[in-house]
Every structure is written in C-alpha cells, then in structure tokens.
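These notes concern the structure reproduced below.
The values are calculated or read from the model by the stated rules, or taken from the named source; none is laboratory data. Please read all numbers here as calculations on a predicted model, not as lab measurements. Positions of Cβ are generated from backbone atoms using ideal geometry, with glycine treated the same way; all protein chains shown enter the neighbour counts. To get the accessible areas, we keep the full protein, side chains included, count just its heavy atoms, and leave off ligands, DNA and RNA. Shrake-Rupley method; radii C 1.70, N 1.55, O 1.52, S 1.80 Å.
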Amino acid sequence: MSLTLRNVSRTFAGASAVRNISLSVQPGEIVGLLGTSGCGKSTILRAISGLDDGYEGEIEINGNTAKEVHDTTGFIFQEPRLLPWLTVLDNVIFGLKGEHADKQKRAKEYIADVGLEGKEKLYPRQLSGGMAQRVAIARALVTSPEILLLDEPFSALDAFTKMQLQDLLLDVWKTYQSTVVLVTHDIDEATYLCDRIVILRGQPGEIDREITLTEQRPRKRGSEELARYKADILESLNLDRARSIT
Ligand SMILES: Nc1ncnc2c1ncn2[C@@H]1O[C@H](COP(=O)(O)OP(=O)(O)OP(=O)(O)O)[C@@H](O)[C@H]1O
C-alpha cells in the first residue's frame with residue numbers, strides 16, 4: 001500500500017501548522033517523522049489517517065484520496081486509549097465487523113501475537129502501561145490496516161518496555177508487511193526502526209531533509225552505524241552541542 005503526500009499544508013485559525021509537505025512512502029516501508037515539538041508531525045499523521053480532512057494539497061493511498069479510504073489505516077497513539085469498561089478481548093474486538101465467533105477468534109490471534117495470551121479477560125485497570133500499549137497495538141492490527149500510523153507510541157513507557165515494544169513492532173511489521181509512518185522525538189528509536197527518516201523543522205513545519213538508512217535488520221542498538229546516523233540527525237536539528245540560550 002503506497003502513500004503519497006503532495007504539497008500538503010494545514011492552517012488552524014489562520015496560523016500555518018505545516019507547509020508544502022511532499023512525501024512518498026513505498027509499500028512495506030517504515031518512515032519516521034522526526035522533529036522538535038510543534039513542527040507539525042501529529043498534524044501530518046492525522047491528515048493521512050483521515051481524522052482531519054481540513055488540509056490543502058493531496059494525500060493518496062494507493063491512488064485514492066485519503067479522504068475516501070481512511071478505514072485502511074490503523075492508528076496507535078502515545079497513550080493506549082482503551083475503553084475501561086471492556087476487557088482486553090472486547091477492546092480488541094471493538095470496531096471489528098462480522099460474526100461474533102469469527103471476531104473473537106481473530107482478536108484472540110492478535111492478542112497472542114502481541115504476547116498477551118491468557119490476559120483476554122483482564123480489564124485495562126489491571127494492565128501495566130506496556131501491556132495496555134500491546135492491547136492498543138493488537139486493536140490497531142486486527143482490522144488489517146494497510147498503513148499503520150504511530151504517534152509517539154512508546155514515549156510514555158519505561159526504557160526497557162519501550163525496547164521490547166519496538167521489537168514487537170518489527171515482528172508484526174514483518175508478519176503483516178504493513179506500511180508504517182512513525183512520529184517520534186526519539187532519535188535512537190528512529191534509527192533502530194526506520195528505513196527512512198524525514199526531518200521536519202520550523203513552525204510551520206517543513207521537510208528539512210530525508211535520510212535513508214541502509215543498515216540491514218536486525219539492527220544492533222548502540223552500533224557504530226546507528227551512532228553515525230544519530231550524530232548526523234543531531235547536527236541537522238542543531239542539537240549536536242550545547243548552545244547558549246541567551
Ligand atoms: N486542532 C488544532 N487547533 C489549533 N492548532 C493546532 C491544532 N492541532 C495542532 N495545532 C497547532 O499546529 C502546530 C503543530 O502541532 P502538532 O501537534 O502537529 O506538532 P508536533 O510536531 O506533533 O508536536 P509534539 O511533538 O509536541 O507533539 C502547533 O503549533 C499546534 O499548536
């Protein structure tokens with residue numbers, strides 16, 4: 001499932017949030033949107049998802065405008081956004097169409113895929129943050145979205161859980177061949193996960209540059225290669241050395 005943005009701009013109450021974003025994402029590619037706070041990363045993701053159709057320019061998913069096909073995207077937010085009165089199983093089933101027995105079977109498979117087999121009957125309040133985010137991942141995947149949109153999906157988690165879920169994302173990506181757009185502030189996360197990193201700058205946000213990562217997977221966290229990409233990105237963001245704020 002390919003994704004194309006052509007000159008996408010978004011203005012809120014007269015203030016420009018992003019300007020002239022053009023981007024092509026190939027089927028099965030993991031593309032990261034990286035940039036400092038307020039440069040419009042979430043705004044771009046919401047436009048791709050169809051949650052926000054107030055943008056100018058064009059967004060195409062496999063040749064159709066995003067406004068027509070938003071049900072082919074799955075969204076994972078920073079916080080899991082589970083329905084507290086529903087069990088893990090019912091949270092994953094919620095929004096699925098079809099016969100109840102089929103939905104249950106399918107939801108259970110995805111719950112197992114994210115490592116939560118046996119936890120189907122628990123309620124959100126009984127889950128750790130990492131477990132809840134696994135449920136959110138299962139819920140996003142269960143509808144077989146062709147494009148997975150992730151808005152800082154691991155940023156509220158502790159460092160260890162974050163690394164586990166990054167690996168889980170790579171596992172499900174391999175299994176389901178999803179096209180992924182990942183919004184993140186985390187340069188290590190971007191270099192570990194992405195085929196390509198799009199660096200946004202400014203307010204309104206514009207694309208500053210794109211970096212294609214040729215590192216084979218599985219990548220090694222802390223490798224020299226990833227460290228080189230990180231240094232390059234820090235320099236692009238003017239964050240490579242301490243700067244006076246006066
Ligand atoms: N619904 C909205 N109404 C008004 N302004 C908005 C709205 N959504 C976003 N903005 C503005 O658009 C700009 C970009 O916001 P956005 O949330 O996309 O940035 P971001 O790069 O994702 O930031 P962060 O990394 O802090 O989440 C900001 O100036 C924000 O205030």
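Tabulated values for the structure
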{"item": "Scope the range 203-232; condition more than 20 Å from Ser155 (Cβ to Cβ), open to solvent by less than 40 Å² (accessible area, probe 1.4 Å) and touching a residue at least 40 places away in the same chain (Cβ under 8 Å); matching residues", "result": "Pro204"}
{"item": "Tabulated pairs, the range 139-156, first in contact (Cβ under 8 Å) with a residue 60 or more places away in the chain and in a strand (DSSP E or B), second of a type in the set (Ser, Thr, Tyr) and within 16 Å of the ligand (Cβ to nearest atom), C-beta under 7 angstrom, 6+ apart or interchain", "result": "Leu149/Ser49; Asp151/Ser42"}
{"item": "So Ser16, is it assigned to a strand (DSSP E or B), within 15 Å of the ligand (Cβ to nearest atom), open to solvent by less than 30 Å² (accessible area, probe 1.4 Å) and more than 18 Å from Asn64 (Cα to Cα)", "result": "no"}
{"item": "Enumeration of residues in the range 101-137 that are surrounded by fewer than 18 Cβ atoms within 10 Å (Cβ to Cβ), without any contact (Cβ under 8 Å) to a residue 12 or more places away in the chain and either of a type in the set (A, V, I, L, M) or part of a helix (DSSP H, G or I) (or both)", "result": "Ala101, Asp102, Lys105, Glu109, Ala112, Gln126"}
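Residue-by-condition table, conditions (1) farther than 20 Å from Val198 by Cα; (2) more than 16 Å from the ligand (Cβ to nearest atom); (3) open to solvent by 10 Å² or more (accessible area, probe 1.4 Å); (4) aliphatic (A, V, I, L, M):
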{"site": "Ser9", "(1), (2), (3), (4)": "no, no, yes, no"}
{"site": "Gly28", "(1), (2), (3), (4)": "no, yes, yes, no"}
{"site": "Arg46", "(1), (2), (3), (4)": "no, no, yes, no"}
{"site": "Leu51", "(1), (2), (3), (4)": "yes, no, yes, yes"}
